[in-house]
Amino acid sequence: MAVFFFLVGLEIKRELLHGELSTVRKAGLPVVAAIGGMAFPAVVYLLFNRSGEGLVGWGIPVATDIAFALGVLGLLGRRLPAELRVFLLGLAVVDDVGAIAIIAIFYTETIDWVNLGLGIASFAVIAASVRFGFRSLGVYLIMSIGMWYFFLESGIHATLAGVLVATIIPSEPRLHRKDYAGVVNDLLRDYRLALASNDDEQARLLIERIESVSRGTEGPMERLEGIVHPWVSYVILPLFALANAGIVLTSNMLTEAVTSPVTIGVAAGLLAGKALGIFGMTWGAVRLGICHLPSAVSWRHVLGAGFLAGIGFTVSIFVSSIAFTDPLLVDQAKVGIFGASILAGAIGYLVLRVASAPTSDPGAEGVEVARRSQPALNTSKGEA
């Protein structure tokens, strides 16, 4: 999971630098929605688990599994406005930051300061190596494994090591794309001359040089994300699911789970808490003039996205495994996660399908879009 959170860290950094969280204006609505999507599920869970062993599980329904949420969104294809995907992606990135913070702060029991110091020292060495341009993937891998081990032994959850390493990966490419054309044109000219003189060896070397220059336009962060993503998607997450998602469903176990406050709290938090929190905080922020809703996105779209955010699965299962020591409570939490995630995905899909259905009065839709976009235009004039 440290590798999984390394990928999450890379995605967060990309969105902060170049994506949907790169400006205050872009980040405003997803941040507000994510805060509601984290706070409300935790409160809903605590309504059913005010004391006892289940109390520590409040962080379970806070997380969103963005891969599954975007997968359901993708089923509707081009019926949905592109701004809705941007909204959900930005919301999920902030949600990931919150989940990482919760794991690091609230699910760390005791700290071994010696190992923590060694972990921080390892991080400092890696950061310094990156800063001075040292390039050796093997050495970085060895140092990162050492850092992960020290964090693991320190008591602070080792997934934090993956996130920290991701934050120092450079994003700037060796060759900026604006300079790429000039460099490649020179190489192509030499390549044509090599072909004209039948110098196959020189032509081959120039092709390799062109390939190297092309790779140089891709920053280390972007390149690493492309390398790690397939491993996380097709190896790490399936292995995690096989190792942690299994439940032996017996009649007694199901009866206990259905009546368990942990199961009910997790399910209610993911299913109702997420939708209410995201929709309610978004509506409040727009009404107060703090943010504005994109003209192509309706309130039904926001509600549907709120339900899709209730698909917890991967991160929720992970939090449940570190929150509880009792295997029975872990299984009860998983029942709530599975049940709520399936229902949240289905309800979110249906709500968005209805929201994206073509209207019988195209003129009315145009009037509505114009009406919804007018406040944003007035605001811009006022700011100018």
Residue count, segment 145-164, condition at pLDDT 75 or above and under 18 Å from Glu11 (Cβ atoms), comes to 5
Would you mention how many residues in segment 165-190 are modelled with pLDDT under 75 and within 24 Å of Val125 (Cβ to Cβ)? 3
Selected residue (only one of Thr167, Thr159 is polar (S, T, N, Q) and open to solvent by less than 20 Å² (accessible area, probe 1.4 Å)): Thr159
Any chance you could count how many residues in segment 86-104 are open to solvent by 30 Å² or more (accessible area, probe 1.4 Å) and at pLDDT 80 or above? 1
Leu29: at pLDDT 80 or above and either among the aliphatic types (A, V, I, L, M) or surrounded by 15 or more Cβ atoms within 10 Å (Cβ to Cβ) (or both), yes or no? yes
Farther than 26 Å from Gly336 by Cβ and touching a helix residue (DSSP H, G or I) at 6+ places or on another chain (Cβ under 6 Å): which single residue out of Val93, Val3, Val86 fits that description? Val3
Take the residues in segment 196-241 that are acidic (Asp, Glu) and either touching a strand residue (DSSP E or B) at 6+ places or on another chain (Cβ under 9 Å) or without any contact (Cβ under 8 Å) to a residue 40 or more places away in the chain (or both), then tell me which one is most open to solvent (accessible area, probe 1.4 Å). Asp200
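The values are calculated or read from the model by the stated rules, or taken from the named source; none is laboratory data. Since we're looking at a predicted model, the values are computed, not measured. When we count neighbours, we look across all protein chains shown, and the Cβ atoms used for this are built from the backbone with ideal geometry, even at glycine. These area figures cover heavy atoms from the full protein model, side chains too; ligands, DNA and RNA do not enter into them. Shrake-Rupley method; radii C 1.70, N 1.55, O 1.52, S 1.80 Å.
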